[in-house]
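Asker: Let me give you the structure first, and then I'll get to my questions.
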Amino acid sequence: MSNDPTPIDEVPVGFASLGLSDALVAAVAALGYEEPTPIQREAIPLLLDGKDVLGMAGTGTGKTAAFALPMIELLSRKGAKSLAPRGLVLVPTRELAMQVAEALHKYARGTDLAVAPLYGGAPMDVQIRALRRGVSIVVATPGRALDHLRRHTLDLRAVRVVVLDEADEMIDMGFAEDIESILANAPEERQTALFAATMAPRLESIANTHLTDPVRVAIAKEKRAAGKLPRIRQVAYLVPRNQKTAALGRILDVETPTSAIVFCRTRTEVDELTDTLAAHGYGAKALHGGMEQKARDRVMQMFRSGQADVLVATDVAARGLDIDHVSHVVNYDLPMSPEVYVHRIGRTGRAGREGMAISLVDPRQHRALRQIEGTTRAKVEILPIPTEADLQARRLDTTLAAVRAQIVEGGLEQARAVVDRLAQEFDVLDVAAAAIRLLHDDAPGTAPAKGAKRSKKAEGAGPSLDEAMAEAARSEDRRPARRGDDDRPRRPREDGDRPSRPSSRGPRGAAGPRALLHLNIGKEAGLRPADLVGAIAGEANVDSGVIGAIRIGDDASTVDVPEALATRIMISLRNAKVRGRRVMVRRDREQE
């Protein structure tokens, strides 16, 4: 008998063997879960033993249940009852806050544990009433948690378990200081778990400061058998900038995705592309940080239920989305970094399904593609834009599939009578060919079996697209190169939604991380961009050339500044007047 240990991935382990109570195992089973994922098998027993955990696992690995189940188990089995929360989960976005809170609520059925999500964009008074009634677990975005702490409506003195979920995303979004402030309000005697896909230096610092002798749990990427196709096929199309919309329409017509997420860089781009796709027959909906929460919830419900088959979104709005049925992810713009690319394409190919990641790439961005291939360790296949002939062939294929489905379904008696009559005058093959021709012409580009709306023909995606694309490529080649106008991904804005400055180089002296500041003054006070530039340059004594994009709303404004100068500028402006008014300034938290 061999004494060699069996690899953990080959040991059949159910939730009951992880130390969870029978009631919690039954609740998990009722939700359809049979076997825990690797991160759940590793992390749950450690957390149940009261250890701090540093979990490294990618998107879609089951991290939520890995911390939610032991948190519910620990809080329901011990500790005095309290109106103040005893569990705290910090997440980067409002969407993820809602999803985690919903998961905790489902797992906690049958217990007396109450769960409350706290996030920006929701009425503060509703959240305050929920906290006053008493909650056991709070799921919060950092900004809204700080708001409640300042109002003294959130009391963390009874907290026993703290979880930082998607901690690397929170650091990337500029919440490091907020996390430090929140943890400073929690008891030192507590259990802390941190989950992330990557470990940045600042995140490592937070872990060293706030976790006690943490056990590291790292889940390696899934190994596939030799010759087995990857679940996500990655392809790219070289498309000049001014032909992206037309090319996207043709690609979607050929691919006919059951459900797709199209990622854009700015809110404006999201709105414009959504309008264009909707005008050409797609069930397209927009999702970005500028929308009210009710509108965002409504869009997500439509996408989950299949009422919308294309979701056009910014990275910030799409963070934390957990949707299993996405068949295609499209990078309308290449993201700012390969890590964001990995996060995007992780939206497809879930739950054992196959997926496709499509990127529309400027012909000069070969270097960015090589960086992506280095990060993903997978080849990105370069394909030519589908031609009109490809589109016609695809339409015939869908028509053929529809006819086959109709034959299998049966009920063709009346149609047979018509064919019998026509066969007395014409060859039966000609009769069938005419019927196919009519069906194909009446429903070009449609996939009847799926019932999804498809584009009749994207504007500019007719026979002239091939010539137009070739000419656009020639124009790109003729355009004189500018200093700094290369294929490097551009620096991201803090919330990923704002348009970049016209200059490809950005503001003078603007190298390094950026911060977005929010001021409570806007058009109603007569504010102009020059007023903000003058106030910042004069009061903070900084070069006006480092000031980035300024957006002025009706009653509030934002300004992009170097991260290294953000605190200095905020302090200076708090003692100054702009357009005769004293202003309040803070870091913008719109992305929550």
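Asker: Quick check, is Ala122 assigned to a helix (DSSP H, G or I) and not basic (Lys, Arg)?
Answerer: No, not satisfied.
Asker: Out of curiosity, is Asp125 without any contact (Cβ under 8 Å) to a residue 60 or more places away in the chain and either of a type in the set (A, V, I, L, M) or touching a helix residue (DSSP H, G or I) at 6+ places or on another chain (Cβ under 6 Å) (or both)?
Answerer: no
Yes or no, residue by residue, for (1) over 22 Å from Ala101 (Cα atoms); (2) assigned by TED's automatic domain parsing to the domain that holds Tyr107; (3) modelled with pLDDT of 80 or more:
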site: Leu24; (1), (2), (3): no, yes, yes
site: Ala30; (1), (2), (3): no, yes, no
site: Glu34; (1), (2), (3): no, yes, no
site: Asp49; (1), (2), (3): yes, yes, yes
site: Met56; (1), (2), (3): no, yes, yes
site: Gly60; (1), (2), (3): no, yes, no
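Asker: Now for a separate question. State whether the residues of the stretch 402-419 include one that is surrounded by 13 or more Cβ atoms within 10 Å (Cβ to Cβ), in contact (Cβ under 8 Å) with a residue 24 or more places away in the chain and part of a helix (DSSP H, G or I).
Answerer: Yes, some residue in the stretch 402-419 is surrounded by 13 or more Cβ atoms within 10 Å (Cβ to Cβ), in contact (Cβ under 8 Å) with a residue 24 or more places away in the chain and part of a helix (DSSP H, G or I).
Asker: Could you grab the pairs with beta carbons closer than 7 Å, sequence gap of 6+ or different chains, first residue in the stretch 234-250 and in contact (Cβ under 8 Å) with a residue 40 or more places away in the chain, second one in a helix (DSSP H, G or I) and among the acidic types (Asp, Glu)?
Answerer: Note: pairs meeting the criteria are Pro240/Glu476.
Per-residue answers, yes or no, for (1) in a loop (DSSP other than H, G, I, E, B); (2) surrounded by 15 or more Cβ atoms within 10 Å (Cβ to Cβ); (3) out of contact with any Gly (no Cβ under 7 Å at 6 or more places or on another chain):
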| residue | (1), (2), (3) |
| --- | --- |
| Tyr341 | no, yes, yes |
| Arg344 | no, yes, yes |
| Arg347 | yes, yes, yes |
| Met356 | no, yes, yes |
| Ser359 | no, yes, yes |
| Pro363 | yes, no, yes |
| Arg367 | no, no, yes |
| Gly374 | no, no, yes |
| Ile385 | yes, yes, yes |
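The values are calculated or read from the model by the stated rules, or taken from the named source; none is laboratory data. Remember, predicted model here, so these are calculated numbers, not experimental data. Backbone-built Cβ (ideal geometry, glycine too); neighbour counts: all protein chains shown.
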